[in-house]
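> There's a structure below that I have some questions on.
The values are calculated or read from the model by the stated rules, or taken from the named source; none is laboratory data. The structure presented is a predicted model; accordingly, all values stated were derived computationally and were not measured. Neighbour counts are summed over all protein chains in view; Cβ atoms, including those assigned to glycine, are modelled from backbone coordinates with ideal geometry. Heads up: the accessible areas ignore ligands, DNA and RNA and are worked out on the full protein's heavy atoms, side chains in. Shrake-Rupley method; radii C 1.70, N 1.55, O 1.52, S 1.80 Å.
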Amino acid sequence: MEYRRFGRTNLQMPVFSCGGMRYQHKWQDVPFAEIPDDNQLNLEATIRRSLAVGINHIETARFYGSSEVQLGRVLPKLNRQNFIFQTKVSPTADAKQFRKTFELCLSRLNLEYVDLLGLHGINDRETADFALRDGGCWEVAKQLQAEGKVRFIGFSTHGSTETIVRAIETDKFDYVNLHWYYINQTNWAAIEAATRHDIGVFIISPTNKGGLLNKPSAKLVELCQPLSPIVFNNLFCLSHPQVHTLSVGAATPSDFDEHLKTLPLLARAAELLPPIIDRLERAAIDKLGHEWVKTWRQGLPDPTDTPGNINIPIILWLRNLAIAYDTIEYGQMRYNLLQNGGHWFPGAKATNVKNLDLSACLANSPHADKIPDLLWETDRLLGGIEVKRLSQN
C-alpha cells in the first residue's frame with residue numbers, strides 16, 4: 001500500500017479507502033438482531049481484508065442504513081490505533097439536532113471518537129448556510145473536537161465547483177470528499193483550492209460514479225487496454241499528487257483485488273496513461289466532432305436558470321459519454337436520477353423539452369440552435385426508468 005499525507009491533518013492516508021455504503025444489510029436503520037449472519041460475516045471479512053492489504057481508512061455515514069450498527073460489532077474487536085475512521089453527518093437547520101445525530105453515530109459505532117467528521121452534503125447555499133453560519137453545525141463540530149470526540153473536520157459534497165471552492169476558502173475544514181475522475185474533471189479548480197489550503201482530498205466513488213467501471217462497456221474496455229477501466233481511472237486520479245485517497249465501495253472482500261493492481265503501476269503512470277488518454281480523446285472526437293468536444297460546455301445555464309429546471313450540462317455530458325464510449329447503462333443510471341436526486345443531483349430530465357423555449361438561457365452557447373434536439377435525443381436514448389438515490393431505496 002502507498003500512503004499520502006492527508007493535508008494538514010498530517011494523517012498518513014492510504015491511497016485507497018474502504019467506503020461503507022455497499023456492504024451493509026439495508027439502507028434503513030434496523031436492529032442488529034435483524035441482520036442476517038451471512039451479511040454480518042461478509043461485512044467483517046471485508047473490513048479485515050481491507051486492513052490486511054493496508055487500507056486502514058474506513059468510512060461510513062449516519063444515513064448509510066445499517067452500516068453503522070453493523071460496524072459497531074466489528075470495530076471494538078480491532079486495535080483502535082490501527083485504523084482511521086470517518087463518519088459523515090448532514091448539516092441541519094437545527095445545530096442541536098446535528099450534535100444529537102453525531103452522538104447517535106458514536107453509540108452505534110461503539111467508538112469513543114472518530115478521526116474524521118465530515119459535514120455531509122454541502123451541496124448548495126442552504127446546506128452551506130446550515131454548516132457555516134454563526135451557531136451552525138461547523139461550530140458544533142468544533143465543540144465536539146474540543147471534547148475529544150472528533151480529531152479533524154471536513155465536508156463531503158456533490159455541489160458545484162463554485163460551492164466547493166467557496167467552502168474551502170473559508171479555511172474552516174481539514175479535508176474534502178468530492179467527485180473527480182477521468183470522465184468528470186470539472187472539480188479540478190476545487191482540488192487546486194484544497195491544495196492551496198493544505199486540506200486532504202478524498203475522491204468519492206471513482207468506480208461507480210466514474211463510469212460504472214465495475215461493469216464497463218466493451219468499447220471502454222478496448223480503449224483502456226492494456227489496463228482495465230478501473231485501473232486506468234485509479235491511475236489517472238493518483239497520478240495527480242494533489243489527490244490523496246480514492247474510495248473503494250467494497251461489497252465483498254474480493255472487491256479490493258482489481259484496485260490493488262494499480263499500486264505497482266503508479267511509478268509508470270507517465271508511460272501508461274498518455275496513449276490511453278489519447279485513444280479516449282480520439283474516440284470522443286470521432287463520434288462527436290472536434291468542435292463539439294472542445295466547446296460544448298460553453299455558455300450552458302444552471303438548472304435554476306433553465307425553463308423546466310432541466311439540467312442541460314449533465315444531460316449533454318451523459319449523451320457525450322454514451323455516444324463516445326457506449327456507456328448506456330451508466331447514462332441511464334445517472335440520467336434517471338434527475339428529478340429524484342434533490343440537492344445531491346439537482347435538476348430535471350429533458351422529457352418535456354419540446355414544450356419549452358430555451359433560447360434565452362442558451363443565448364451564450366455556440367450550439368444553441370441544436371441543443372434542444374440533442375436534449376430530446378438524449379431523453380429517448382437514456383430515459384424511461386425511474387432511479388432513486390441508494391439511500392431512498
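> For residue 331, are the conditions met, namely being farther than 18 Å from residue 213 by Cα and out of contact with any strand residue (DSSP E or B) (no Cβ under 6 Å at 6 or more places or on another chain)?
Criteria not met by residue 331.
> Contact list please: Cβ distance under 8 Å, first residue in the range 269-281 and free of Cβ contacts under 8 Å to residues at least 40 places away in the same chain, second residue open to solvent by 20 Å² or more (accessible area, probe 1.4 Å) and small (Gly, Ala, Ser), pairs at least six apart or on different chains.
Filtered contacts from the range 269-281: 269/239; 270/239.
> Those residues that are under 20 Å from residue 160 (Cβ atoms) and of a type in the set (S, T, N, Q), I need them from the range 114-146; list them, please.
123, 127, listed by residue number.
> Only residues that are free of Cβ contacts under 8 Å to residues at least 60 places away in the same chain and not hydrophobic (A, V, I, L, M, F, W, C): list them for the range 124-141, please. Walk me through how you get there before you give the answer.
First pass over the range 124-141, keeping only residues free of Cβ contacts under 8 Å to residues at least 60 places away in the same chain: 125, 128-141.
Within the range 124-141, 125, 129, 133, 134, 135, 136, 139 qualify.
> Still on this model: How many residues, within the range 259-297, are of a type in the set (Lys, Arg) and closer than 30 Å to residue 362 by Cβ? Please lay out each step first, then the result.
Kept after step one, since they are of a type in the set (Lys, Arg), are these residues of the range 259-297: 261, 268, 279, 282, 287, 294, 297.
Remaining after also requiring closer than 30 Å to residue 362 by Cβ: 282, 287, 294, 297.
Qualifying residue count for the region: 4.
> Ok, one more. How do the pairs read when you match residues in the range 221-242 that are open to solvent by 50 Å² or more (accessible area, probe 1.4 Å) with residues anywhere that are at pLDDT below 95, using Cβ under 7 Å and keeping only pairs 6 or more apart or on different chains?
Qualifying pairs under 7 Å: none.
> Could you grab me the full set of residues in the range 6-44 that are surrounded by fewer than 20 Cβ atoms within 10 Å (Cβ to Cβ) and either among the basic types (Lys, Arg) or under 25 Å from residue 267 (Cα atoms) (or both)?
Matches in the range 6-44: 8, 10, 12, 22, 26.
> Can I ask one more? Which residues, counting only those in the range 294-306, are crowded, with 17+ Cβ neighbours inside 10 Å and either modelled with pLDDT under 95 or not polar (S, T, N, Q) (or both)? I'd like the intermediate steps shown before the answer.
Initially, the range 294-306 is screened for residues crowded, with 17+ Cβ neighbours inside 10 Å, giving 296, 300-301, 303, 306.
Listed by number, the residues that qualify are 296, 300, 301, 303.
> Can you name the residue in the range 297-309 that is closer than 20 Å to residue 383 by Cβ and not in a helix (DSSP H, G or I) and is also farthest from the chain's Cα centre (by Cα) among such residues? Steps first, answer last, please.
From the range 297-309, those closer than 20 Å to residue 383 by Cβ are 300, 303, 306-309; that's our starting set.
Remaining after also requiring not in a helix (DSSP H, G or I): 300, 306.
Working: 300: 23, 306: 25 Å.
Result: 306.
> Within the range 333-382, track down each residue that is among the hydroxyl-bearing types (Ser, Thr, Tyr) and either assigned to a loop (DSSP other than H, G, I, E, B) or free of Cβ contacts under 8 Å to residues at least 12 places away in the same chain (or both). Even if it seems obvious, please write down each step before you answer.
Going through the range 333-382, the residues among the hydroxyl-bearing types (Ser, Thr, Tyr) turn out to be 335, 351, 359, 365, 378.
351, 359, 365, listed by residue number.
> So, restricting to helices (runs of 4 or more DSSP H) that lie completely within the range 59-165, which ones have at least 3 residues that are open to solvent by less than 10 Å² (accessible area, probe 1.4 Å)?
On the way: elements: 67-71, 95-109, 125-132, 137-146.
In the range 59-165, the matching helices (runs of 4 or more DSSP H) lie at 67-71, 95-109, 137-146.
> When you look at residue 312, is it within 23 Å of residue 206 (Cα to Cα), among the aliphatic types (A, V, I, L, M) and more than 22 Å from the chain's Cα centre (by Cα), yes or no?
In short, no.
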